[in-house]
Amino acid sequence: MAQTYSLKLGTIGLPEAGKTIWHTVLYGRQAHFDGVLFRYLDSPTIRYLNPMWEALDRGNLPDATGLARPSELKFQMHTEDASGNVLISYAIHTMDYAGILVNRGASEDTIKQARELGLEQFIDECDLLMVMVDLSDDSQAVNQLNTLDYILQRCKETSTQHGSKNRPVAVAFTKVDQVFSQHMNSNLIEMQSVLLEYLSSKDRWRGMHRALRALKDYNLYEVFPVSCFGTSCAPGQNVPTAGTINPKWIHEPLIWGLPRAAELANQAITEQQDEVRRIEKIAKDAENNEFNTQVTLAILCITLGAIIGYFIGWGIGFVLPYILTGLACMIPLALVAIPLLVAADKAR
């Protein structure tokens, strides 16, 4: 039986970074990628994405996501063996927030609205974060770096406050086809190398490159090139030719990030179970200590009564008085010992 994980995915980025387009193309081209199958079965998700996919497939871009309650999206990713048997199933839940809500240069009203719409809480609850950076717009390089810093800072704060593990962070550079049209036939590793070299060579992107280099020891971070349209756009255009959408690397951040998020979720569950067992053991030890203390007191009371009776009887020098005085001394102390034994038994 396939193992199933329910995980939250956060797709974060400025306006025009390609968040909604990415969701739409992943839905429209749901298919097998390297032994991975994507499926969309949730009716509200289909109603939200299907009209946008139909528009894209006709060569029309959908409108930007509005400043309203974000749409809740649900889909599944299955990993399969060579025979098509599902090995692991990921049930993914995400929200399509408007990009303006994560703009650190936005107005106070917009930032307040982001809080009211639950953006920060959602980011803090996500198991996998995917920060989308529009590579074609270097005029927004600083703002996009600020967005990445914001996400990493929230990861750090939630880890410190709640003792949770850091989350995997995939930094997805979108619209790479508009910058690297000559490299669109490269494999993922080659394209990642081209991307990092490009960031280091451009003045406006060097700050982003330095930030990424600072994360090199953070094994839950990776950089991905992403092209939702592939080679279907004319040079200098971001509108696909009708019926020719051929995405590249759109699934790679999920293939990389979801198994890591699931592993961390397992670790968190194990740690919680260990903590529960530790607390239960402390409580049980305390109960045992209380029981042992009460039993010891009861035995001491009876023993003390016997000793007192013995000495009194011995002092009188007669057998009958010895027995009577021993009993007389033991009875009051036994009356004290019996409630202690009863209480100890109940405590167990």
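The values are calculated or read from the model by the stated rules, or taken from the named source; none is laboratory data. Note that this is a predicted model, so its numbers are computed, not measured. Glycine also receives a Cβ, built like all others from the backbone with ideal geometry; neighbour counts cover every protein chain displayed. Accessible surface areas use protein heavy atoms only, side chains included; no ligands, DNA or RNA. Shrake-Rupley method; radii C 1.70, N 1.55, O 1.52, S 1.80 Å.
Key figures for this structure:
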{"item": "Qualifying position, being out of contact with any Lys or Arg (no Cβ under 9 Å at 6 or more places or on another chain) and in contact (Cβ under 8 Å) with a residue 24 or more places away in the chain, among Q76, Q153, Q144", "result": "Q144"}
{"item": "Residues located in the stretch 98-146, provided they are open to solvent by 20 Å² or more (accessible area, probe 1.4 Å) and among the charged types (D, E, K, R)", "result": "R104, E108, D109, K112, R115, E116, E120, D124, E125, D127, D137, D138"}
{"item": "Close pairs from the stretch 252-268: first under 10 Å from L220 (Cα atoms) and open to solvent by 40 Å² or more (accessible area, probe 1.4 Å), partner not in a helix (DSSP H, G or I) and not β-branched (V, I, T), Cβ under 8 Å, at least 6 apart", "result": "R260/L128; R260/P168; R260/L220"}
{"item": "Test: residue in the stretch 148-160 that is in a strand (DSSP E or B), crowded, with 17+ Cβ neighbours inside 10 Å and at pLDDT 85 or above", "result": "no"}
{"item": "Set A2, A55, A91: member being more than 26 Å from T147 (Cα to Cα) and free of Cβ contacts under 8 Å to residues at least 12 places away in the same chain", "result": "A55"}
{"item": "Residue count for the stretch 71-97, restricted to those that are assigned to a strand (DSSP E or B), open to solvent by less than 30 Å² (accessible area, probe 1.4 Å) and in contact with a helix residue (DSSP H, G or I) (Cβ under 7 Å, 6 or more places away or on another chain)", "result": "6"}
{"item": "Total residues in the stretch 1-21, condition more than 21 Å from the chain's Cα centre (by Cα), surrounded by fewer than 23 Cβ atoms within 10 Å (Cβ to Cβ) and outside any loop (DSSP other than H, G, I, E, B)", "result": "0"}
